[in-house]
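Working notes, structure below.
The values are calculated or read from the model by the stated rules, or taken from the named source; none is laboratory data. Predicted, not measured: the structure shown is a model, and the values here were computed from it. In this analysis, Cβ positions are derived from the backbone assuming ideal geometry, glycine residues included, and neighbour counts consider all displayed protein chains.
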Amino acid sequence: MKKYHFELDLRVRDYELDMLGMVNNSVYLNYLEHTRHEFLKTVGIHFDQMFEMDYRLVVTRYEIDYLRLLKSGDRFSVKLRFERKSRAQFLFLQDIYILPDQKPVLNAKVVGTCLSKNGRVKIPEILKKLFLDFETKG
């Protein structure tokens, strides 16, 4: 079993479906993003505060494997692991599972970085500390 740092349970809403009655591919990006934001809040990183301090957390790459479809009313869990990718990049490994049987729906690698308002890479101390904390915890 993979080790995760955070998980969030959600339910498919009817307006997230395409004309075939399945969750639209673009909606999965919303599920992943919402989970990342909730995770960051739990470790003390809030987007509005980061913006006020001249930091912009941005996604630079998505890599997604769609394994199974979600449909109206499905309950699912989005699980997340946070890692340092390089000195200037971080990685969110995210998986979605149908509940309650934990069948895999999607695997994603999301690469991000932090920029100043002028577009230069600028990693805040709180993220550097987070890298160290998770590297020592495993």
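When you check Lys79 against the structure, is it more than 12 Å from the chain's Cα centre (by Cα) and surrounded by 13 or more Cβ atoms within 10 Å (Cβ to Cβ), yes or no? Here the answer is no, as Lys79 does not meet what is asked. Looking across the range 84-109, the residues that are in contact with a Ser or Thr (Cβ under 6 Å, 6 or more places away or on another chain) and at pLDDT 95 or above come down to Tyr97, Leu99. Scanning the range 36-68 for residues that are under 22 Å from Asp9 (Cα atoms), hydrophobic (A, V, I, L, M, F, W, C) and surrounded by 14 or more Cβ atoms within 10 Å (Cβ to Cβ) returns Phe39, Leu40, Val43, Ile45, Ile64. Selection within the range 26-35: residues that are hydroxyl-bearing (Ser, Thr, Tyr) and surrounded by 13 or more Cβ atoms within 10 Å (Cβ to Cβ). The member of this set that is nearest to the chain's Cα centre (by Cα) is Thr35. Within the range 14-32, the set of residues being free of Cβ contacts under 8 Å to residues at least 24 places away in the same chain and out of contact with any helix residue (DSSP H, G or I) (no Cβ under 7 Å at 6 or more places or on another chain) comprises Tyr15, Asp18, Met19, Leu20, Ser26, Asn30.
Taking the criterion of being within 23 Å of Glu52 (Cβ to Cβ), outside any helix (DSSP H, G or I) and either touching a residue at least 60 places away in the same chain (Cβ under 8 Å) or of a type outside the set (Ser, Thr, Tyr) (or both), the residues of the range 103-138 that qualify are Gly112, Cys114, Leu115, Ser116, Lys117, Asn118, Gly119, Arg120, Val121, Lys122, Ile123, Pro124.
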